[in-house]
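Structure first, commentary second.
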Amino acid sequence: MRHSVWRWLFCTGAVAAVGVAACAQLGTANAARVATGARQATAAHQVKAAATYVPPGQDFNFGARGAAVRSVQRRLNQLHYYAGKADGVYGQDTAEAVWAFKEAQGLPLNAATNTLVTYKFRRDLIHPRMPRVLVPKGGRNRIEINQNDELLVLYRDNEVRLILHVSSGGGYTYPCPGDPSATCGPAITPDGNYKALSFAPGWVQVPLGTMYNPVFFIGTAYAIHGDIPVPWYPASHGCVRIWMDAANWFHKDVTIGGRHATRIYVRGTAPYYL
């Protein structure tokens, strides 16, 4: 599903996001919940999708609560889309999983309805199609990042273990670090074949900006990392953003450095290779 970068950059609409102050609490007040969520996510990856799934019968949107939300959360986790704890509360974890599922199924995303769970969405949960395989012979343990769909897929033993929505390079220009009067860019995530080179814990500052728990794949500049916000459209300076809650444990699912480092394949719209 190819989207228009500039339309995304200037849409506001009903994009679901969490304030900076609220997100900052993830590292302290919610530390225990994050650790539990990581264990639950790992367990969820090992659960085979139910042979028959009966979806809820009504539409719902970001902020909804109840059994319908819990049903969809459980199903998304069964299908390896990280929706967070199946607590019946439609928050940002669930929104990120909804976006990823819509992207994999080719369902429309726009500013007004990006978090809406529709009849078509619920029907596709019964017999979903898997994300497109980008590099079939890329190795048994690998990460594929599809910029056309804004999806990250983690494979372990050639099986899908995790599917995340990402926000990659937005294609815009931006003030150069250290010289706000100069213009840098365009903000592009370069296509190519990489490895998980290194990991830095917590918030770190790099030439492309500030990032949380980065897994670097080009030097110490380009990384898969947590950020605020991670919108439904491509908006980064060139890195691959994932939601903060997933960034708390994502690096543990990756082999960092060495000859067995997890391979990372980026494919999509970048016009050049580094």
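The values are calculated or read from the model by the stated rules, or taken from the named source; none is laboratory data. Because the structure is a prediction, the values reported are computed rather than measured. Cβ sites come from the backbone with ideal geometry, for glycine too, and all protein chains shown count toward neighbours.
Taking the criterion of being closer than 21 Å to Gln78 by Cβ and hydrophobic (A, V, I, L, M, F, W, C), the residues of the range 144-165 that qualify are Leu151, Leu152, Val153, Leu154, Val160, Leu162, Ile163, Leu164.
One residue stands out among those in the range 174-185 that are of a type outside the set (A, V, I, L, M) and either modelled with pLDDT of 90 or more or touching a Pro at 6+ places or on another chain (Cβ under 8 Å) (or both): the one that is nearest to Glu144 (Cα to Cα), which is Cys184. Just one of the listed residues (Arg129, Arg123) is modelled with pLDDT of 95 or more, farther than 18 Å from Asn61 by Cβ and basic (Lys, Arg), namely Arg129. Please verify whether Ala182 is more than 27 Å from Glu103 (Cα to Cα) and aliphatic (A, V, I, L, M), treating the condition exactly as stated. Spelling it out, Ala182 is indeed more than 27 Å from Glu103 (Cα to Cα) and aliphatic (A, V, I, L, M). Within the range 192-214, being surrounded by fewer than 17 Cβ atoms within 10 Å (Cβ to Cβ) and among the hydrophobic types (A, V, I, L, M, F, W, C) holds for Trp203, Val204. May I ask you to list the residues in the range 153-191 that are among the aromatic types (Phe, Trp, Tyr) and either in contact with a Phe, Trp or Tyr (Cβ under 6 Å, 6 or more places away or on another chain) or part of a strand (DSSP E or B) (or both)? Across the range 153-191, the qualifying residues are Tyr155, Tyr174.
One residue stands out among those in the range 127-148 that are among the aliphatic types (A, V, I, L, M) and either part of a strand (DSSP E or B) or in the same structural domain as Asn193 (by TED's automatic domain parsing) (or both): the one that is surrounded by the most Cβ atoms within 10 Å (Cβ to Cβ), which is Ile143.
Selection within the range 192-218: residues that are touching a Ser or Thr at 6+ places or on another chain (Cβ under 9 Å) and either at pLDDT below 95 or in a loop (DSSP other than H, G, I, E, B) (or both). The member of this set that is nearest to Trp249 (Cα to Cα) is Ala200. Please verify whether Ala221 is within 19 Å of Gly171 (Cβ to Cβ), touching a helix residue (DSSP H, G or I) at 6+ places or on another chain (Cβ under 9 Å) and either in the same structural domain as Phe62 (by TED's automatic domain parsing) or surrounded by fewer than 23 Cβ atoms within 10 Å (Cβ to Cβ) (or both), treating the condition exactly as stated. When the stated conditions are applied, Ala221 does not pass them.
For the criterion of being at pLDDT 95 or above and among the aliphatic types (A, V, I, L, M), Ile188 fails.
Checked against the criterion of being within 16 Å of Val240 (Cα to Cα) and either of a type in the set (A, V, I, L, M) or in contact with a helix residue (DSSP H, G or I) (Cβ under 9 Å, 6 or more places away or on another chain) (or both), the candidates Leu109, Leu164, Leu116 yield just one match: Leu164.
Rundown of residues vs (1) at pLDDT below 95; (2) closer than 16 Å to Val230 by Cα; (3) of a type in the set (D, E, K, R); (4) not in a loop (DSSP other than H, G, I, E, B), yes/no style:
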| site | (1), (2), (3), (4) |
| --- | --- |
| Val15 | yes, yes, no, no |
| Cys23 | yes, yes, no, yes |
| Ala29 | yes, no, no, no |
| Ala32 | yes, no, no, yes |
| Val54 | no, no, no, no |
| Phe62 | no, yes, no, no |
| Val69 | no, no, no, yes |
| Asn77 | no, no, no, yes |
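Taken over the range 182-207, the criterion of being of a type in the set (A, V, I, L, M) and more than 19 Å from the chain's Cα centre (by Cα) is satisfied by Ala182, Leu197, Val204, Val206.
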